[in-house]
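Accompanying notes for the structure given below.
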Amino acid sequence: MAQNNDRLDKVVLDARRAADKRDAGYRAQALKLYPWVCGRCARTFTHANLQLLEVHHKNSDHNDNPPDGSNWELLCTYCHEHEHSKIKDGAGRTVGVDDLPVATFNPFADLKARLDAKLPLKDTPDTER
């Protein structure tokens, strides 16, 4: 019985240490500092969906984690992705650009010849006003 209690005490101790370690992280700090609301779309969160609320670093430096949280904002996963896609779009996306085949088809290549060869339209009962 004493062995089971020792094992249980160790599990509880490990769980508390893990919780303390998580609390020391910037996500736990931000969740304590700020209300559980997306800073962009104002979606509210509860414990049931809290995993969808993410910490965004305003200056894009993930090592800049001041204790007052001045570099953080809470965003839902969708707004967070949108925020990072704006940064990537502004810098120009380069991933996969070289993999795309070059377009060689020109749909307007013989447009002038086709327009010159076109016969004038005849008035038909369907086109009359």
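Can you give the FRET efficiency for LEU50 and LEU8, using 1/(1 + (r/R0)^6), R0 = 22 Å, r = Cβ-Cβ distance, to the nearest 0.05?
0.20
Among 5-12, 31-38, what's the highest-first ranking by average C-beta atoms within 10 angstrom per residue?
31-38, 5-12
Report, ordered by chain and residue number, the lysines lying within cross-link reach of LYS10, taken as a straight Cα distance under 21 Å and ignoring same-chain residues fewer than 8 apart.
Cα-Cα hits under 21 Å: LYS21.
Can you run phi through the Karplus equation (6.51, -1.76, 1.60; θ = phi - 60°) for the range 57-62 and list ³J(HN,Hα) in whole Hz, with x for Gly and Pro?
Once rounded to whole Hz, the list reads 8, 4, 9, 6, 9, 6.
Starting from the Cα of LYS112, draw a straight line to each of the lysines and keep only those under 25 Å, dropping any in the same chain fewer than 8 residues away.
Once the sequence-local lysines are set aside, what remains near LYS112 is LYS122.
Apply 1/(1 + (r/R0)^6) to the Cβ-Cβ distance of ALA18 and ILE87, taking R0 = 35 Å, and write down the FRET efficiency to the nearest 0.05.
The computed FRET efficiency comes out at 0.60.
Using the beta-carbon distance between ALA28 and ASP64 and R0 = 30 Å, what value does 1/(1 + (r/R0)^6) give for FRET efficiency, to the nearest 0.05?
0.95
Please give the peptides 40-49, 101-110 ranked by average Cβ packing (other Cβ atoms within 10 Å per residue), highest first, as a rough proxy for protection.
Highest mean packing first, the order is 40-49, 101-110.
Only the coordinates and a few stated rules stand behind these numbers; no lab work does. Note that the coordinates shown come from a computational prediction; the quantities given were computed from them, not determined experimentally. All Cβ positions, glycine included, derive from the backbone under ideal geometry; neighbour counts span all protein chains shown.
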